[in-house]
Amino acid sequence: MKKYARSLHARCSAGTTSDDRFMPTGYGTVFSKMKRLVLTEKLDGQNNCLNKDGVFARSHAAPSALPWDKPLWERWNLIKNDLKDLEIFGENMYGVHSIAYSKLESYFYVFAIREKGYWLSWDAVKFYASLLDFPVVPEIPVKYSLKDSLLSSQNEDEAVAHWLAQNLGMPWEKSVKLSGKLGGYDPKDGKPCSEGFVIRNAEGFYTNNGILPVQHNEFDSLFKVVRKGHVKTDKHWTRNWKPATLTNYERYGWHAYQYLSKTSFNRS
């Protein structure tokens with residue numbers, strides 16, 4: 001088992017730190033040639049993985065024993081026998097991080113699924129997430145082509161920013177000052193905010209497909225933009241964490257188990 005690969009920042013991303021890395025020159029052209037791109041909201045939670053061996057946090061050296069992973073363990077016990085080779089990656093929203101959310105319908109939002117080292121297509125991610133009764137991270141419809149933005153600009157970073165603005169209806173830097181689709185807000189002052197966005201190839205891919213000069217553990221079919229000044233989780237958060245509140249009755253429960261008991265995950 002390997003932990004989730006490293007996602008690189010677009011060069012227009014504003015929330016980078018000294019240890020973050022950017023996509024290499026030419027990434028805009030490479031992504032513009034992909035058949036379809038997926039644009040999703042980046043949620044401020046903990047990266048967790050559910051697979052047949054348990055619940056894992058950022059490290060996959062051993063299953064997680066963190067207190068805010070308790071709801072995931074409860075859910076894992078219902079679905080563990082059906083996961084087989086599937087590894088379900090998502091944002092664990094049970095503990096409030098730098099952004100709180102007023103419209104959470106689940107403590108876990110799926111953003112990727114890996115099977116035998118291969119990251120499944122976005123359509124497959126949504127299919128399996130639905131079978132498991134998990135929501136996926138909020139998706140923003142892509143109506144405009146990155147290729148067209150590149151044709152109208154000689155600078156690929158400006159082209160990527162323009163493409164984001166077209167599909168978001170405003171500059172992405174302005175969009176992250178709004179609450180996003182799940183009602184994000186700063187728990188300190190109550191002001192609306194969201195973390196950023198993730199852009200990926202809609203088709204399936206390996207972590208490193210050799211289409212861009214990135215490290216072996218870095219995605220070359222996925223990148224992100226993050227708001228300026230975004231605070232990463234630190235030791236202070238782990239000492240003083242608070243549970244999030246769901247808007248509706250949590251969807252973890254016997255409904256999912258009963259459904260899965262009638263569903264085969266074996267694909268012909």
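Quick look at the values:
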| quantity | calculated |
| --- | --- |
| Selection within region 186-227 - among the acidic types (D, E) and under 13 Å from the mean Cα position of the chain (by Cα) | E195 |
| Lone unmet requirement of (1) of a type in the set (V, I, T); (2) out of contact with any Leu (no Cβ under 6 Å at 6 or more places or on another chain); (3) within 24 Å of N217 (Cα to Cα) for V55 | (2) |
| Spans of helices (runs of 4 or more DSSP H) in region 111-187 with at least 2 residues hydrophobic (A, V, I, L, M, F, W, C) and closer than 22 Å to Q46 by Cα | 122-131 |
| Selection from region 84-121 of residues that are surrounded by 19 or more Cβ atoms within 10 Å (Cβ to Cβ) and either over 17 Å from the mean Cα position of the chain (by Cα) or of a type in the set (F, W, Y) (or both) | F89, Y94, Y101, Y107, F108, Y109, F111, W119 |
| Any chance S152 is surrounded by fewer than 18 Cβ atoms within 10 Å (Cβ to Cβ) and not acidic (D, E) | yes |
| Tabulated pairs, region 8-30, first touching a residue at least 12 places away in the same chain (Cβ under 8 Å) and crowded, with 16+ Cβ neighbours inside 10 Å, second outside any loop (DSSP other than H, G, I, E, B) and hydroxyl-bearing (S, T, Y), C-beta under 9 angstrom, 6+ apart or interchain | L8/Y27; A10/Y27; R11/Y27; G28/S149; V30/S221 |
| Region 159-176: number of residues that are out of contact with any Lys or Arg (no Cβ under 7 Å at 6 or more places or on another chain) and in contact (Cβ under 8 Å) with a residue 24 or more places away in the chain | 7 |
| Answer residue from region 156-191, given it is of a type outside the set (D, E, K, R) and touching a Pro at 6+ places or on another chain (Cβ under 6 Å) and is nearest to H9 (Cα to Cα) among those | A165 |
| Residue check, S145 polar (S, T, N, Q), surrounded by 22 or more Cβ atoms within 10 Å (Cβ to Cβ) and modelled with pLDDT of 95 or more | no |
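The values are calculated or read from the model by the stated rules, or taken from the named source; none is laboratory data. These numbers were taken from a predicted model, which means no experiment stands behind them. Because the Cβ atoms are built from the backbone with ideal geometry, glycine has one as well, and the counts that use them run over all protein chains shown.
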